[in-house]
Structure formats: C-alpha cells, structure tokens
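The values are calculated or read from the model by the stated rules, or taken from the named source; none is laboratory data. Quantities reported herein were computed from a predicted structural model and do not represent experimental measurements. Positions of Cβ are backbone-derived with ideal geometry, glycine not excepted, and every protein chain shown enters the neighbour counts.
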Amino acid sequence: MRRTCASIASCILAGLIGSTPVLAAPSIAGILSASKTASGGSAWDNKATLGADYIYSGQGLVGTTHALIDLKNGRSVSVYAVGPANGANGFDGTNAWQKDTSGTVTLQQGGNALELAANEAYRNARKWWSADRGGALIVGAGQKIAAGVTYDVLTVTPKGGEPFDVWIGATSHLIAKIVEKHGAQSVTTTLSGYGTVDGVMLPYRIVIDAGGGDQSLQTMMLTKAQFLGPQPDSAYAPPKAVVEDFSIAAGAVETQIPVRIINNHLYGDVKLNGKGPYVFVFDTGGADVVTPPVAKTLGLKVEGSVPGTGAGEGGMEGGLTHVDQIEVGGASLQNQLFVVLPLDSFGIIEGVPVLGMVGYEVFHRFVTRVDYGAKTITLMDPGRFDPSHAGTPVKFVFNDHTPEVSGTFEGIPAKFDIDTGSRSELTLTKPFAEQNGLRAKHPKGVHAVDGWGVGGPTRGFVTRGASMTLGSVRIDNVVATLSTQDRGAFSGNDYQGNVGGGILKRFVVTFDYGNQTMYLEPLPAPIPDTGTYDRAGVWFNQSPKGFDVVSVTRGGPAAAAGLALGDVIIAVDGIPAKQIQLYDLREKLRNDPPGTTVFFRVKNAAGKARDVLVILRDLI
C-alpha cells in the first residue's frame, strides 16, 4: 500500500507556496509581456526574496505557514503548523526535501519530486519573463472560458521539469490558476484577490484542489508579505535534524517480534500508549495509522478530514492524531503523528481484523529486517548495525516516504517502489505498460481484479514476466500486473512499478533508511506460494454468510462453471465457509495444481443454492 495521507497537508503546502508569483497572457510573447506589466512590470526587477505568511484552512484543519522564496534562482522553503501536524518543505536548487512532524528529514529524489521542484523554481523566479524564457518550452493552448471569464492558456515545460498549464486572465492579464500533475493526481492552484505590495501584485487568496471535491479544498490567505535582500544558501538547505525519540529497551542492539504473513502482508503486535497489543500491518509504503475504533478506545483526539488515496481508483477520509508511545517488541517511539483511517473496513478483504499500520516513522528510526522465511521482524539500533552478512545491497531514494529503487523489467529500465503493504508481486503502471507495448508482448494473461487498496479494487492485465531486476539482483518468473486504471497510484507517470510482498517474500529483506540501502538475501528454494496466480479466476471477500463473489474473470474457470457476481460461497469441498480462512482459500486456488476440481456450494442473490464445480487451470 502506498503512503496515503499523513503528509498530504504538508505535501500540498510545499507546492502551493511556489505558485504565488505571477505569470502571463495572445502571441506567447504578447501574453507574457502583458502579464508582467499587469503584475508590476519593472518593479519586480530589483526584488530578491519574498517572505510571506499565510493562514491555512482546509480538510477540517486550520493553521499557519511561512514561506521564503528566492525570486532570482527559484529556491524556496515553507514552514507550517496545521492542526496537530508541523514541519517544513524546501528546495535548495539541487535537493527537494521535507521535514516531518517527528523531525525526520528526507531528500525527495524519487517519483517526479525533482521535476516538480524544477517547475516550482521556474515559477518562483518568473523565468518566462526572460528573453530566452529560462530555457523552457512554452506552447499556446488557446483561449478557454470558465464561469464567463476568458483566459489565455499556456503550456509550460521548464528545463528539467514537466508540463504544466497556466491560465491568465485575458483582460486582467494576471495568473488565475496553474494546473499540474503531481504523480497520479491533477492539482489545480487557483490564485485570486490580487493586491499591491511594494509596487507588485500578489494573490491574497490561494486555493488548492487535488480532485477530492469541495470538502478537500485547501485555502491559503496571505496575511503578511515583505521583500527582503538575498538570503544565504543555508536558508534553503535541508535542516540538520537530530531525532532522539526512539530506543530499544535496556540498550539492546536489537529486538525481534514474530509476524504472520497473510495475503503477503506482514502482521505483528504493536502497543500504543501502553495498551494492547494490537495487530498491525507493517508497511514500508505507508504512514503510521490507527483505526477509529482503536483511537476511540485510546481516547485519542482526532482532527481534520484528510483524504487518503493509494491503490485503487477511489479513496477514504481520515483525521490526524498524536500517540504518546509506540512499542514494537522492546523498541519504542515517543510522540508520533498518526493518521486515523477506517482500515477496519479491510477486514472483509483480508479475512482478519485490520486495526492499524506501522509505516515510515518506525522504518526510518531502526534498521528493519524482515525474514519472510522465519516469519520475524527485527528492529536494530542503526548505530550498531553490521551489514556485512545482510545480503546484496540495493541503493534507494525516497518517493515521498517510500523506498524507490532502480531496476529493470525484461531489460527495460524502471523505477520501482518497494511496498511491503502490497500483496502482489509486481504491478506496472499504466503509462509504463503502454509506452513499452507490454500488452502486445504478453498475449497470455487475463484482465482481473488482483488486489485491494485504500482506493478500492485494483484492476489490470495479469501476465507472466520473464525477469526483473532490483539493482543488481535478478528475479525470474514474475507475476506482473499491467495496470489498466485511469486513477489511483498506478495511473501516474512518476514511477514505473510497485514491488510487493509476493516478490519480497523470496528474501530476507533489510531496510536501512538512514543510508538509503535495502539488502536482499535470497531464501533457499523452493519458496512456497511464489510465481503463482489464481487458477480459478475469481475475487471474493468475506461476509457473515460466507465469501461474496465481487469479480469473476472473463474466460476463467469460475466463469465457465457458472459462478457469477453476487453469488455467496457457503461451502468449499463440503467444508462450511465459516470454517475456512479467506486467505487460505485464496492460497489454495493459487497453488493447487491445474486440473484440480474445487466444489463450491453457492447461493445467488435470491437465496437459491446450487453446486458449482470449478476445474483449476493456469491463466497466465
């Protein structure tokens, strides 16, 4: 599961501050010239630095943010305090970075973070006003009318950046909005309420729309702006953070807990504020999350209504809270920001209760070893970690808070997120699959639901890949899903694929976030339940009556046998469904040999029972 919403407020704030300067409006030169004139003209020429304070409101949260913007070179930093969250974001001309509420600082070098930083820097320095347009490609996109107002629209692609659209009032010649892709999301920044500050025009109202509807809009109101002289490089540099909120009991080098591997997810015991243990998922791609029932039990104060997105085309809303202490075995962390999300709704998908999630904050503080063979997680003191026997090192960068490694799929270079919260082996994004003609290269496979995330079911064309690499480590016989989704995490072009538990379970995996290195030590072959895919062609979730059939793969054995959407499986091979674990049945349908007959007793929507005989066969 990719990280959902712990940093949504901070990530949005990072992008919106850089969008406040001016832009332009028919010939491209005429639009830009008129825009500069309307925005203050030559009064901008001697401006070096803008300091701006804003009041923030949105997603059920209120707060403040302060921005410092280098108007010559485009560098920036913003410091925010919104509800229970606080932190900072910046770009020093080379490094995009973010500082979390907990104090951790990560360089943002994965996904399209650097491209977005280049876009922001271009806008901050108003480079479209220079004679060479700052090396950008600028194309006129014609005039558009919205709410009765005519706009001149330009598509700008800065050097080292990505395309974004600028809407400029055809009459006012002031920038009205910027439309830009942030990964899989299209984000619209609307600028209005312009006023004069020291001879130039600044927008006093900024509204951010990331596509989540009116309830998810974020508004920034300018309360103070002043122009300053040039600032030192250190003003924009990543802060030197020292995080001392974690420890291992009795000064031990490490602590270990047993985990259950269910649906290729890692489940282990966690205590919060001394209570529990609660069974949580351990997810490299996620935030620290607690469900509303657990938050209520613990008496936690929940603030805001923050949208969460991930795999799947939908989403869910949650709030933010603080937890005084997290305990994992003998390891503990203090004063941590948590997202409160209704992951308890995943119980019907997982077949076990889902009470919360351990994410980046824990992984970042400890060196974390996941031994899929021994079914253990070991948290180690990073200062005393010896990597000499940890396996093959694979360097990674951060895509938000998720480790991202360079590798290949069948020889094609790609960037892969490493996601212990995904059940799949490998999911390739829709743009990557289309750009490389992967569907035509892999005629054997099926269109199917192959997973479920925060955004609901994930769909794609499931096939078999010959091989992939993670760094120098080669992995053969890969079950690969070519995503077909137009929304959600797998629809963007900021990375190429997601590596889940289905691949990682072939290794002992050690994560050293401090040194941005993952170590892979292969487990002895054969490794059970790898390289296999559902041989029945059906997705079902748990219900009080049995297993609800929610998707049937066209042309698969289940469809041929007459199993249909809306059926409820009440028995399998004569055993009542209530006596069968959901994940055990899924594993059976993956691993029982082709030709096996599985007897399903089902009831249709009208309650009429019938027997369905499904003969398993390979679909990929």
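Inside the stretch 234-252, can you point out the residues that are loosely packed, with under 12 Cβ neighbours inside 10 Å and farther than 18 Å from Q334 by Cα?
In the first step, residues of the stretch 234-252 are kept if they are loosely packed, with under 12 Cβ neighbours inside 10 Å; the result is 234, 240, 242, 244, 249-251.
Within the stretch 234-252, S234, K240 qualify.
With respect to the conditions (1) under 30 Å from G546 (Cα atoms); (2) assigned to a helix (DSSP H, G or I), M357 lacks only one, and its number is (2). Scanning the stretch 458-482 for residues that are within 22 Å of A559 (Cβ to Cβ) and either crowded, with 20+ Cβ neighbours inside 10 Å or of a type in the set (S, T, Y) (or both) returns T458, R459, G460, F461, V462, T463, V479, T481, L482. Summed over the stretch 269-283, residues that are under 24 Å from L504 (Cα atoms) and crowded, with 20+ Cβ neighbours inside 10 Å total 5.
When each of D283, D269, D209, D214 is tested for being in the same structural domain as T297 (by TED's automatic domain parsing) and under 24 Å from Q59 (Cβ atoms), the lone residue that passes is D283. Applying a threshold of 6 Å to beta carbon distances and a minimum spacing of six or more residues, or different chains, the list of pairs starting in the stretch 598-620 at a residue that is acidic (D, E) and ending at one that is surrounded by 15 or more Cβ atoms within 10 Å (Cβ to Cβ) reads D611/R601. Being modelled with pLDDT of 95 or more, more than 22 Å from L114 (Cα to Cα), surrounded by 19 or more Cβ atoms within 10 Å (Cβ to Cβ) and in the same structural domain as P158 (by TED's automatic domain parsing) is a property that A52 has.
Yes/no per residue for (1) touching a strand residue (DSSP E or B) at 6+ places or on another chain (Cβ under 6 Å); (2) surrounded by 18 or more Cβ atoms within 10 Å (Cβ to Cβ); (3) assigned by TED's automatic domain parsing to the domain that holds Y495:
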{"site": "Q98", "(1), (2), (3)": "yes, yes, no"}
{"site": "Q109", "(1), (2), (3)": "yes, no, no"}
{"site": "N124", "(1), (2), (3)": "yes, yes, no"}
{"site": "R133", "(1), (2), (3)": "no, yes, no"}
{"site": "L137", "(1), (2), (3)": "yes, no, no"}
{"site": "A147", "(1), (2), (3)": "no, no, no"}
{"site": "P158", "(1), (2), (3)": "no, yes, no"}
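Find the helices (runs of 4 or more DSSP H) located wholly in the stretch 501-594 whose residues include 1 or more that are under 33 Å from the mean Cα position of the chain (by Cα), and list them. Full working, then the answer.
Values: elements: 501-504, 557-561, 582-591.
Result: 501-504, 582-591.
Quick one: count up the residues across the stretch 513-564 that are among the charged types (D, E, K, R) and closer than 23 Å to A390 by Cβ. Before the answer, list the steps.
Initially, the stretch 513-564 is screened for residues among the charged types (D, E, K, R), giving 521, 529, 534-535, 545, 548, 554.
So of that shortlist, the ones also closer than 23 Å to A390 by Cβ come out as 521.
Residues flagged as among the charged types (D, E, K, R) and closer than 23 Å to A390 by Cβ within the stretch 513-564 amount to 1.
Filtering the stretch 219-233 to residues that are more than 28 Å from K177 (Cα to Cα) and surrounded by 16 or more Cβ atoms within 10 Å (Cβ to Cβ) leaves only Q231. Residue pairs whose Cβ atoms lie under 8 Å apart, sitting 6 or more positions apart in sequence or on different chains, and linking a residue in the stretch 123-135 that is more than 14 Å from S42 (Cα to Cα) and of a type in the set (S, T, N, Q) to a partner that is buried (at least 18 other Cβ atoms within 10 Å of the Cβ) and modelled with pLDDT of 95 or more, are N124/I69; N124/D70; N124/L71; N124/G74; N124/R75; N124/S76. In this structure, is G574 on the phi > 0 side of the Ramachandran plot and outside the structural domain of N263 (by TED's automatic domain parsing)? Answer is yes for this residue. Condition test on G111, is it among the small types (G, A, S) and under 30 Å from F338 (Cβ atoms)? Yes, satisfied. Here the condition is being within 20 Å of the chain's Cα centre (by Cα) and farther than 17 Å from W452 by Cα; of A295, A252, A287, it holds for A287 alone.
Is it the case, given these coordinates, that R75 is of a type outside the set (V, I, T), at pLDDT 95 or above and crowded, with 24+ Cβ neighbours inside 10 Å?
On the way: of a type outside the set (V, I, T): yes; at pLDDT 95 or above: yes; crowded, with 24+ Cβ neighbours inside 10 Å: yes.
It is true that R75 is of a type outside the set (V, I, T), at pLDDT 95 or above and crowded, with 24+ Cβ neighbours inside 10 Å.
When you scan the stretch 407-416, do you find a residue that is more than 26 Å from D529 (Cβ to Cβ) and out of contact with any Gly (no Cβ under 9 Å at 6 or more places or on another chain), even just one? Checked against the condition, which is being more than 26 Å from D529 (Cβ to Cβ) and out of contact with any Gly (no Cβ under 9 Å at 6 or more places or on another chain), the stretch 407-416 yields at least one hit.
Got at least one residue in the stretch 313-332 being under 30 Å from V550 (Cβ atoms), more than 21 Å from the chain's Cα centre (by Cα) and outside the structural domain of V550 (by TED's automatic domain parsing)? Please lay out each step first, then the result.
Just the residues of the stretch 313-332 that are under 30 Å from V550 (Cβ atoms), to begin with: 313-319.
Of the ones still in play, those that are also more than 21 Å from the chain's Cα centre (by Cα) are none.
Within the stretch 313-332 (the criterion being under 30 Å from V550 (Cβ atoms), more than 21 Å from the chain's Cα centre (by Cα) and outside the structural domain of V550 (by TED's automatic domain parsing)), the answer is no, since none of the residues qualifies.
All of (1) at pLDDT below 95; (2) outside any loop (DSSP other than H, G, I, E, B); (3) outside the structural domain of F164 (by TED's automatic domain parsing) hold for I261 with one exception: (1). For I575, the test of being out of contact with any Cys (no Cβ under 6 Å at 6 or more places or on another chain) and surrounded by fewer than 21 Cβ atoms within 10 Å (Cβ to Cβ) is passed.
Can you pull out the residues in the stretch 437-456 that are within 19 Å of F346 (Cα to Cα) and surrounded by fewer than 21 Cβ atoms within 10 Å (Cβ to Cβ)?
Residues of the stretch 437-456 within 19 Å of F346 (Cα to Cα): 449-456.
Residues satisfying the conditions are V449, G456.
For the stretch 401-420, the set of residues classified as among the small types (G, A, S), in contact with a Ser or Thr (Cβ under 7 Å, 6 or more places away or on another chain) and over 16 Å from Q516 (Cα atoms) consists of A414 only.
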